[in-house]
Amino acid sequence: MLNITHPEIDKYIEEVSTDENPILKELDRATHLQENMPHMVSGHPQGLFLTMLAKSMNAKNVLEIGTFTGYAAIALAQGMPENSQLHTIEVDDEKENIIREYIGKANLDHIIHLHIGKALEIIPSLDTNFDIVFIDADKMNNDAYYELCLPLIREGGFLLIDNVLWKGKVVDESANDKMTMAIKTFNEKVASDKRVQSFILPLRDGILMAQKL
């Protein structure tokens, strides 16, 4: 598998970026201490990107699919105004305690609404037009989430999908496993979808950015 960017470049980017928010830094450390797959946490540069995107759009309604320990949800909410709401959906109820703990520490209980359960069942109950939808969940369902969420996004809003470069396996001709093939098929579909304009940002494991037209 390939590094998306050179590790020294990743290190340099962190060094010259705005300092990580203290609560997010604490959450990142707690995630690495408590979780079996801590690499799933969004981390500093991606979190800062999400904060800045939400702030630049004055995003008042955001949906996240796949909360994990809550890093991205908190980062997004930190870029949102006080009178806003962020719905985040996590299927693993064992993550609820750490998510709620750090939402509380960040003083964002009034903005972040945590839903525990299956996203495909919860999303239809959210009667909201979203400025941003961030999908970072089970990759085999990317297409289902995309089709369910796109009608809920306002014109000019963004749908972000994480891990679309899949550790470089999308350009590895010998990689023919189901997950890689599903991600490649999804990426190609969005590229040809006339409802959006899109590109892939090579940040961490690749973020597909689709803007609704």
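The values are calculated or read from the model by the stated rules, or taken from the named source; none is laboratory data. Computed from a prediction, not measured in an experiment: that's the story for all the values here. Quick reminder, even Gly has a Cβ in these numbers, built from the backbone with ideal geometry, and neighbours come from all protein chains shown. Quick note on the areas: whole protein, heavy atoms, side chains included, nothing else; ligands and nucleic acids left out. Shrake-Rupley method; radii C 1.70, N 1.55, O 1.52, S 1.80 Å.
A few points about this structure:
- Of the beta bridges in region 70-213, as assigned by DSSP with both residues counted there, near 50 percent are antiparallel.
- Across region 1-74, counting alpha-carbon atoms alone, Rg and Dmax equal 13.3, 38 Å.
- Spin-label zone in region 35-56 - amide nitrogen under 18 Å from a point set 7 Å from the Cα of Glu94 along the C-beta vector: 35-41
- Computed from the alpha carbon positions, the gyration tensor of region 31-152 leads to an equivalent ellipsoid with semi-axes of 19, 18, 14 Å, biggest first.
- Under the combined filter of DSSP loop state and at most 15 neighbouring Cβ atoms within 10 Å, region 48-154 retains these trypsin sites (Lys or Arg not before Pro): Lys118.
- Each part reduced to its alpha carbon centroid, region 146-202 and region 89-136 end up 22 Å apart.
- Calculated P(r) tail over 27 Å for the chain, as whole % of Cα pairs: 28 percent
- Annotation: extensible slack from Glu147 through Arg29 equals 39.0 nm (criterion: 0.36 nm per residue apart, minus Cα-Cα distance).
- Label-to-label distance for Lys194 and Glu121 is 3.7 nm, based on points extended 7 Å past Cα in the beta-carbon direction.
- Per-residue extension of 0.36 nm, minus the Cα-Cα distance of Val171 and Glu101, leaves a gain of 21.3 nm for this segment.
- 20 Å Cα-Cα threshold exceeded, pairs from Lys139/Lys169; Lys139/Lys167; Lys11/Lys178; Lys25/Lys105; Lys118/Lys139; Lys11/Lys55: Lys11/Lys178; Lys11/Lys55
- Accessible surface area normalised per residue over region 30-110 is 43 Å², counting heavy atoms of protein chains with a 1.4 Å rolling probe.
- In the chain, helical runs assigned H by DSSP with n ≥ 4 each contribute -39500 (n - 2.57); averaged across all residues and rounded to the nearest 500, the mean residue ellipticity at 222 nm is -11000 deg cm²/dmol.
- With a Förster radius of 22 Å applied to the beta-carbon distance between Leu201 and Lys178, the computed FRET efficiency rounds to 0.35.
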